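I have placed the structure first, in the form of C-alpha cells, so that the comments after it can refer back to it.
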Amino acid sequence: MTSIAEELSSCRPTGQRRSLFLPSLNGSSTSLSMRKDRILLRPKILSDEKMRVEMVGRLIGLSLLHNHFFPLPFSSGVWKALCHQSATIEDLRDVDDQFVQSMFQLRDIHLSRVVGGENIVGITEETFDDLFFETFVTRLSDGSEVPLMNDGENKPVTFAARGLFVDLALRARLNENCEAVECLKQGLASIIPAEAMSLFDWREVEDMINGVEGVDIELLRQHTKPSASFQTPEGAQLIEWFWKVLESFDASQREAFLRFVWGRSRLPRQQEFGEDFKIHLMDVQEGSADRKLPKADTCFFALHLPLYTNEEVLRTRLLFAVLHCADMDADFDPGAHARGRDQQEPRRDREGEGRRGGDGSDNSSEEEEEGDE
C-alpha cells in the first residue's frame, strides 16, 4: 500500500496516462513553515480517470477498515471533503499561498502601508485602470483558465468590482476539483459509509490513513520487545548500540528502516499501536556475524540482528540493508553486474534463509561475505 501511495504521490505519468494528482503550487516556496509535499486532485478529470480516482477512494477505505497505512499527502481541503466538512481560505493557502496573498492584496490595494520602512500610498480609482488589466477570468491549479461569470473574458475588473472578482476567484479555486472529489468520495463510500466518515475530524482521518509524520524513536522503543536471547551482556550491548544507531539516522533513513522492517514509512498513533516491534538475535556461524546483514519479517514487524562486535559495524550493515532493500518484493537486479557489485540491489537469500511476509514477499537482505566485497 505504501509503494502504491508513493507512486501516486510522485505525480508522474504512467505510460500514456497522465498522473491523477498535481503537486502543490507551494512546492517552490522558500517559506520554511509551509508544507510543500501536498498533492491536489485535478480540476478537470477525463472520463477514463473517474474510475481510477474512485479506486483510490476504495483503497483509502480499505486502509481505514484494515488499519493499514496508505500515505497520501492530500491537501487539508481534500481530507475535509472526505469527512463532509467545508474547506476554507486556509485550505487554499495550504496549496497555493501566493494566490491567496495576491487576492488579499488586490482587495486592500487602496490602503496605504509601510514596506521595508517605506510608506506605500494606496492605489486610487483614478490610477487603478492604468495598473490592472485583468478580466473576470482566473487560472486554476493545472494552469487552465476559467471565466468567473458569463462572458467573463470580456469583462474588465474595475476598481469598484475588484472585491467581487476576489470573491469569485477564491470560490472558483476552492471548488475547482469538486468532480474529482466526488469520485474519490464515491469510492470511499463503497467501503466506509459516508455517515461514518462525518463522525471524524479530518485531522483524525489523515493520521489514521497516513500515520504520524516522522518516525518517533521513543514511541517505537515503547512498543519494542527484544527476544530473551538479548539478556546476555553481549546482547544487551547490541540493543544499546541499535537504539543509538537508529537515533542517529536522519528522517529519510528512519523511514527507510521502517519500510525495511514493516513495509510502512510511518508509525501509528500511540493509542493505535496494535503490534509490537520485535528484535531477534540471528543465529550465525561463530566469527561471521560482522559479515552478515540483518533480516526482516515485514509481516510480523520483526528484525533479526547478528551479534555484531561493535556499533560502527552495526550501523554500516543496518544502513546498507534498509537503503538497498526498501521494497518488500525487491529482487536481485541482473543488470547490477554491469554497474559494479557495490551498486547492485540485495537479492533474495541464496541459502533459503530469507524471511517472507504473509503476502509472500521477501524483505531479507543478502548475506555479505568478505570475499564478495
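Just the accessible area per residue of segment 30-156, please: how many Å² with a 1.4 Å probe?
Here the residues of segment 30-156 average 56 Å² of exposed surface.
Of all accessible surface on segment 70-145 at a 1.4 Å probe, what whole percent is carbon and sulfur?
Answer for segment 70-145 is 51 percent, counting heavy atoms of protein chains only.
Hey, with R₀ at 51 Å, roughly what FRET efficiency would Leu323 and Gln105 work out to, going by the Cβ-Cβ distance, to 0.05?
So the FRET efficiency works out to roughly 0.65.
Considering only the other residues whose Cβ falls under 14 Å of the Cβ of Gln231, what net charge follows from Lys and Arg at +1 and Asp and Glu at -1?
Once all neighbours under 14 Å are counted, the net charge is -1.
Taking R0 as 51 Å, what's the FRET efficiency between Thr232 and Asp201 from their Cβ-Cβ distance, rounded to 0.05?
Efficiency, from the Cβ-Cβ distance: 0.60.
By per-residue mean of other Cβ atoms within 10 Å, what is the highest-first order of 245-252, 306-313?
So the peptides 245-252, 306-313, ranked by packing, come out 306-313, 245-252.
If r is the Cβ-Cβ distance from Glu153 to Ala194 and R0 is 45 Å, what FRET efficiency results, to the nearest 0.05?
Here the calculated transfer efficiency is 0.75.
Grab the other residues whose beta carbon is less than 9 angstrom from that of Phe159, score K and R as +1, D and E as -1, and report the net.
-2
If each Cα of segment 226-288 is one equal point scatterer, what is log10 of I(q)/I(0) from the Debye formula at q = 0.14 Å⁻¹?
Values, matching the q order: -0.54.
Report the per residue volume, in Å³, of the convex hull enclosing the C-alpha atoms of segment 1-104.
So the per-residue hull volume is 129 Å³.
Report the far tail of the P(r) of segment 91-194, meaning the percent of Cα-Cα pairs longer than 23 Å.
For segment 91-194, the fraction of Cα-Cα distances above 23 Å is 42 percent.
Can you check what the net charge comes to around Ile60, using other residues whose Cβ is under 12 Å from the Cβ of Ile60 (Lys, Arg +1; Asp, Glu -1)?
Every neighbour counted, the sum reads 0.
Please sort 143-153, 86-96 by packing, taking for each peptide the average over its residues of neighbouring beta carbons within 10 angstrom, highest first.
86-96, 143-153
Could you order Lys44, Lys292 by accessible surface area, starting with the largest, using a probe radius of 1.4 Å?
Sorted by accessible area, descending: Lys44, Lys292.
Whole angstrom only: what separates the Cα centroid of segment 257-325 from the Cα centroid of segment 49-83?
Each part reduced to its Cα centre gives a spacing of 30 Å.
Considering only protein heavy atoms and a probe of 1.4 Å, how much of the accessible area of segment 206-301 is carbon and sulfur, as a whole percent?
With neighbouring chains kept in place, the figure for segment 206-301 is 46 percent.
Got the relative contact order for segment 1-112 handy, in percent, Cα pairs under 8 Å and 6 or more residues apart?
27 percent
At 7 Å along Cα-to-Cβ for each site, give me the label-to-label distance between Ser112 and Glu182 in nm.
Between Ser112 and Glu182, the label points sit 5.1 nm apart.
Measure off 7 Å from each Cα along the Cα-to-Cβ vector at Cys11 and Glu126, then give the distance between these two points in nanometres to one decimal.
Modelled inter-label distance: 4.5 nm.
Could you work out how much longer the chain between Leu174 and Glu247 gets when fully extended? Use 0.36 nm per residue separation minus the Cα distance between them, nm to one decimal.
22.2 nm
Which value, in Å² rounded to 10, gives the accessible area of Cys178 with a 1.4 Å probe and all protein chains present?
The accessible area comes out at roughly 70 Å².
So what is log10(I(q)/I(0)) for segment 134-244 at q = 0.11, 0.22 1/Å, when the Debye sum runs over its Cα atoms only?
-0.68, -1.14
The values are calculated or read from the model by the stated rules, or taken from the named source; none is laboratory data. Quick caveat, the model's predicted, so the values are computed rather than measured. Cβ: placed from backbone, ideal geometry, glycine included. Neighbour counts: every protein chain shown. Please note that ligands, DNA and RNA were not included when accessible areas were found on the heavy atoms of the full protein model with its side chains. Shrake-Rupley method; radii C 1.70, N 1.55, O 1.52, S 1.80 Å.
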